[in-house]
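Some notes on the structure that comes next.
The values are calculated or read from the model by the stated rules, or taken from the named source; none is laboratory data. What you are looking at is a predicted structure, and each value in this text was computed from that prediction instead of being measured. Backbone-built Cβ (ideal geometry, glycine too); neighbour counts: all protein chains shown. All accessible areas refer to the heavy atoms of the entire protein, side chains included, with ligands and DNA or RNA removed. Shrake-Rupley method; radii C 1.70, N 1.55, O 1.52, S 1.80 Å.
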Amino acid sequence: MEAFGPGTCGGGGETPGDDGRPAPEARVHFRVTRFIMEAGVKLGMQSIPIATACTIYHKFFCEINLDAYDPYLVAMSSLYLAGKVEEQHLRTRDIINVSNRYFHPGGEPLELDSRFWELRDSIVQCELLVLRVLRFQVSFQHPHKYLLHYLISLKNWLNRYSWQRTPVSVTAWALLRDSYHGGLCLRFRAQHIAVAVLHLALQAYGVEVPAEAEAEKPWWQIYTMDTEIP
């Protein structure tokens, strides 16, 4: 399972601190991508547009120092841009209101005053900056379709009782969603991420793939062959 490109992109170069905790930048990216996910759900976005927004965010900060721009502004612009890329268009007003409620849970929606319009203009201008920094390459191949295909295949392969009594599918989807807190989406192929979260979910519940011991190759190697799913 090989990684793409330089190890520093997507969080690969961040090392834990002396206390074993993630590096400060990794903690910031975790919090901001959590915001992207929660805001995306409140905006009614589907899983693919949310994944695209997280990927845009991570890819931007592969190119730009974290201190150069407000990461939450970049996150809001990433949501706005991802809606366009995945054809699930969002209004900037909705993004602003959801973000305002996220940061001020008990507050009122922003009035349509100068502060609102300044924030709206900042989101739009930041979107243009993100596009230039990413050289307009904002379409990505996500692991979701691969994971769906692998789950269907594995469900037909496993004993029905083993499948029904363990939440392998739910856990695999949760692990995939959580993987977007970091830069794995930029460092590894979509097929490899999909099979990795499925493998981890199976291990978590002690589910064994039938005839794995007798097989010439591990089951996951079959799935990670260089095949494309349309």
Fill in: Lys, Arg +1 and Asp, Glu -1 on Cβ, resulting dipole of the stretch 25-134 about Cα centre, debye, nearest 20
240 debye
Discussion item. For Arg34, what accessible surface area do you get with a 1.4 Å probe? Give it in Å², rounded to 10.
Written reply: 80 Å²
Worksheet, complete the sentence: Given the candidates Thr92, Tyr69, Ala51, the one whose Cα lies deepest towards the positive end of the charge dipole of the stretch 25-134, counting +1 at each Lys or Arg C-beta and -1 at each Asp or Glu C-beta, is Ala51
Worksheet item: For the stretch 49-105, which whole percent of the accessible surface, found with a 1.4 angstrom probe, sits on carbon and sulfur atoms?
Response: 45 percent
Response to the item:
Subtracting the Cα-Cα distance of Arg132 and Ala23 from 0.36 nm times their residue separation yields 36.5 nm
Practice prompt. Note the full-extension length gain between Glu38 and Val170 as 0.36 nm times their separation in residues minus their Cα-Cα distance, in nm to one decimal.
Written response: 45.7 nm
Worksheet item: What residues from the stretch 145-170 fall in the zone where the backbone N is under 18 Å from a label point 7 Å along the Cα-to-C-beta line of Ser47?
Response: 145-156, 164, 166-170
